[in-house]
């Protein structure tokens, strides 16, 4: 029903607070308009975020913060902790100025409490009361849904969604701090932090404080401020390796270890990374055209989805299916340089690193030896070619930093 309604219609409510009040159903791209209306004092009695839970919770949190910034009284109400009493009594009486805004937690497990009697109360209190609730699913014939459709705001979000962090989430979070960054810097931020919206917002806040009055956040700022998680840090490590060979990878590795990432934790994520890389190299054998999209994320994402459906019509490998397409995209350069038959030797080398680290081996020396070995494997792979010579910045026969 929402899909049919889209954003094309607007409901006019009776004026309150002395203003005409217009509230549509808002799809995701129009969330900023929702904030703008609130800034004009046009606040609905009910906001429902329905669908993708992580995104719904994030948008609800951002709207709540906006209300607080506007000076509105905002409270959280956990329905799971309240006895099944009259829900109306929990909201109290009107405040002297402004509105009472309640964020309802656990609303999905308390649907029976949003009955016709409560909807009548909400209608009478709409001049002073607002509720926000998040649902993964909500029937379109439920009284709360019908009331929000007529008098409030519904933000429909697909249950399973390709999160477009670069187009919507990151620019919007940056805008709240009065900052901007170019797409390349935004891609680097996702590679370092991952796609968790709360983590991205935390890092952007740190970056905003770091750059001060400067409006643009650069890649250099990211390198100075952002602390990558072990899994995300691997992308920075591998990218450095591809650009600058084992010596460059060693410098990045030193930085990661200095940040407190344990060598065995780094090794564990490195093993997981190469397992996924192995699967991706197998996919590239079946669909070599994917290698052409190493600098074109959107075409790669679309073709990658099609390839997974073609190769695995029922159930694609979980390691790739649950992995964000952008993370797979970042693996593409290295996967394109290695043929599947090289991976048994690579896993054997990783087992050797694990054994030596557990026997007290020096982390930098053992990882450096692995990257030297990896360069030889890339050079020996049919796909390696010129790229194999590029990552083999330290010649396999040369002594290198540790005399290997």
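If you check residue 305 against the conditions, is it assigned by TED's automatic domain parsing to the domain that holds residue 367 and either surrounded by 15 or more Cβ atoms within 10 Å (Cβ to Cβ) or within 28 Å of residue 184 (Cβ to Cβ) (or both)?
On the way: assigned by TED's automatic domain parsing to the domain that holds residue 367: yes; either surrounded by 15 or more Cβ atoms within 10 Å (Cβ to Cβ) or within 28 Å of residue 184 (Cβ to Cβ) (or both): yes.
When the stated conditions are applied, residue 305 passes them.
State whether the residues of the stretch 175-193 include one that is over 24 Å from residue 261 (Cβ atoms), out of contact with any strand residue (DSSP E or B) (no Cβ under 9 Å at 6 or more places or on another chain) and surrounded by 15 or more Cβ atoms within 10 Å (Cβ to Cβ).
Keep residues of the stretch 175-193 that are over 24 Å from residue 261 (Cβ atoms), which gives 175-184.
Checking the rest, the ones that are also out of contact with any strand residue (DSSP E or B) (no Cβ under 9 Å at 6 or more places or on another chain) come to 175-178, 183-184.
Checking which are surrounded by 15 or more Cβ atoms within 10 Å (Cβ to Cβ) leaves us with 176-177.
So far as the stretch 175-193 goes, yes, one or more of its residues are over 24 Å from residue 261 (Cβ atoms), out of contact with any strand residue (DSSP E or B) (no Cβ under 9 Å at 6 or more places or on another chain) and surrounded by 15 or more Cβ atoms within 10 Å (Cβ to Cβ).
Taking residue 335, is it touching a helix residue (DSSP H, G or I) at 6+ places or on another chain (Cβ under 8 Å), without any contact (Cβ under 8 Å) to a residue 60 or more places away in the chain, more than 18 Å from residue 284 (Cβ to Cβ) and part of a helix (DSSP H, G or I)?
On the way: touching a helix residue (DSSP H, G or I) at 6+ places or on another chain (Cβ under 8 Å): yes; without any contact (Cβ under 8 Å) to a residue 60 or more places away in the chain: yes; more than 18 Å from residue 284 (Cβ to Cβ): no; part of a helix (DSSP H, G or I): yes.
No.
Being in a helix (DSSP H, G or I), under 15 Å from residue 49 (Cα atoms) and in contact (Cβ under 8 Å) with a residue 12 or more places away in the chain is true for just one of 149, 174. Which residue is that?
Values: 174 fails: under 15 Å from residue 49 (Cα atoms).
None of the others qualify; the one that does is 149.
Of the residues 104, 97, 132, 138, which single one is without any contact (Cβ under 8 Å) to a residue 40 or more places away in the chain, outside any helix (DSSP H, G or I) and surrounded by 17 or more Cβ atoms within 10 Å (Cβ to Cβ)? Steps first, answer last, please.
Working: 97 fails: surrounded by 17 or more Cβ atoms within 10 Å (Cβ to Cβ); 132 fails: without any contact (Cβ under 8 Å) to a residue 40 or more places away in the chain; 138 fails: without any contact (Cβ under 8 Å) to a residue 40 or more places away in the chain.
So the residue among 104, 97, 132, 138 that is without any contact (Cβ under 8 Å) to a residue 40 or more places away in the chain, outside any helix (DSSP H, G or I) and surrounded by 17 or more Cβ atoms within 10 Å (Cβ to Cβ) is 104.
Answer yes or no: is there a residue in the stretch 286-293 that is in contact (Cβ under 8 Å) with a residue 60 or more places away in the chain, part of a helix (DSSP H, G or I) and buried (at least 17 other Cβ atoms within 10 Å of the Cβ).
Of all residues in the stretch 286-293, those in contact (Cβ under 8 Å) with a residue 60 or more places away in the chain come to none.
No; the residues of the stretch 286-293 include none that is in contact (Cβ under 8 Å) with a residue 60 or more places away in the chain, part of a helix (DSSP H, G or I) and buried (at least 17 other Cβ atoms within 10 Å of the Cβ).
Residue-wise test of (1) at pLDDT below 90; (2) surrounded by fewer than 17 Cβ atoms within 10 Å (Cβ to Cβ); (3) part of a loop (DSSP other than H, G, I, E, B).
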residue: 348; (1), (2), (3): no, yes, no
residue: 367; (1), (2), (3): no, no, no
residue: 373; (1), (2), (3): no, no, no
residue: 389; (1), (2), (3): yes, yes, no
residue: 394; (1), (2), (3): yes, no, yes
residue: 403; (1), (2), (3): yes, yes, yes
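Between a residue in the stretch 349-360 that is over 14 Å from residue 262 (Cβ atoms) and any residue that is outside any helix (DSSP H, G or I), which pairs come within a Cβ distance under 9 Å, given they are 6 or more apart or on different chains?
355/361; 356/362
Take the residues of the stretch 253-279 that are surrounded by fewer than 18 Cβ atoms within 10 Å (Cβ to Cβ) and not in a helix (DSSP H, G or I): which is modelled with the highest pLDDT?
Top of the filtered list is 262.
Of all residues in the stretch 233-251 being more than 20 Å from residue 332 (Cα to Cα) and touching a helix residue (DSSP H, G or I) at 6+ places or on another chain (Cβ under 8 Å), which is surrounded by the fewest Cβ atoms within 10 Å (Cβ to Cβ)? Outline the logic, then answer.
In the first step, residues of the stretch 233-251 are kept if they are more than 20 Å from residue 332 (Cα to Cα); the result is 247, 250-251.
Within this subset, residues satisfying the condition of being touching a helix residue (DSSP H, G or I) at 6+ places or on another chain (Cβ under 8 Å) are 250-251.
Details: 250: 23, 251: 11.
Going through the qualifying residues, I end up with 251.
Here is a yes/no grid of residues against (1) over 23 Å from the mean Cα position of the chain (by Cα); (2) under 24 Å from residue 166 (Cα atoms):
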| position | (1), (2) |
| --- | --- |
| 281 | yes, no |
| 286 | yes, no |
| 301 | no, yes |
| 314 | yes, no |
| 317 | no, no |
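So how many residues does the stretch 190-226 have that are farther than 21 Å from residue 328 by Cα and outside any helix (DSSP H, G or I)?
The total comes to 8.
Within the stretch 25-52, can you find the residues that are touching a residue at least 24 places away in the same chain (Cβ under 8 Å) and surrounded by fewer than 16 Cβ atoms within 10 Å (Cβ to Cβ)? Can you show your working first?
Applying the first criterion (touching a residue at least 24 places away in the same chain (Cβ under 8 Å)) to the stretch 25-52 yields 25-29, 31-32, 34-35, 38-39, 41, 43-52.
Result: 29, 32, 39, 41.
Could you grab me the full set of residues in the stretch 141-155 that are surrounded by fewer than 22 Cβ atoms within 10 Å (Cβ to Cβ) and more than 17 Å from residue 106 (Cα to Cα)?
Listed by number, the residues that qualify are 141, 143, 146, 147, 149, 150, 151.
Please verify whether the stretch 59-67 includes one or more residues that are within 27 Å of the chain's Cα centre (by Cα), in a strand (DSSP E or B) and surrounded by fewer than 17 Cβ atoms within 10 Å (Cβ to Cβ).
The first filter runs over the stretch 59-67 and keeps only residues within 27 Å of the chain's Cα centre (by Cα), leaving 59-67.
If we keep only those that are in a strand (DSSP E or B) as well, we get none.
No, the stretch 59-67 contains no residue that is within 27 Å of the chain's Cα centre (by Cα), in a strand (DSSP E or B) and surrounded by fewer than 17 Cβ atoms within 10 Å (Cβ to Cβ).
Run residue 342 past the list (1) in a helix (DSSP H, G or I); (2) free of Cβ contacts under 8 Å to residues at least 40 places away in the same chain; (3) surrounded by fewer than 19 Cβ atoms within 10 Å (Cβ to Cβ) and report the number of the one that doesn't hold.
With (1) in a helix (DSSP H, G or I); (2) free of Cβ contacts under 8 Å to residues at least 40 places away in the same chain; (3) surrounded by fewer than 19 Cβ atoms within 10 Å (Cβ to Cβ) applied to residue 342, the lone miss is (3).
The values are calculated or read from the model by the stated rules, or taken from the named source; none is laboratory data. Predicted model, so just to flag it, every value in this text is computed and none were measured. Methodologically, a virtual Cβ is constructed for each residue, glycine included, from the backbone with ideal geometry; neighbour enumeration extends over all protein chains shown.
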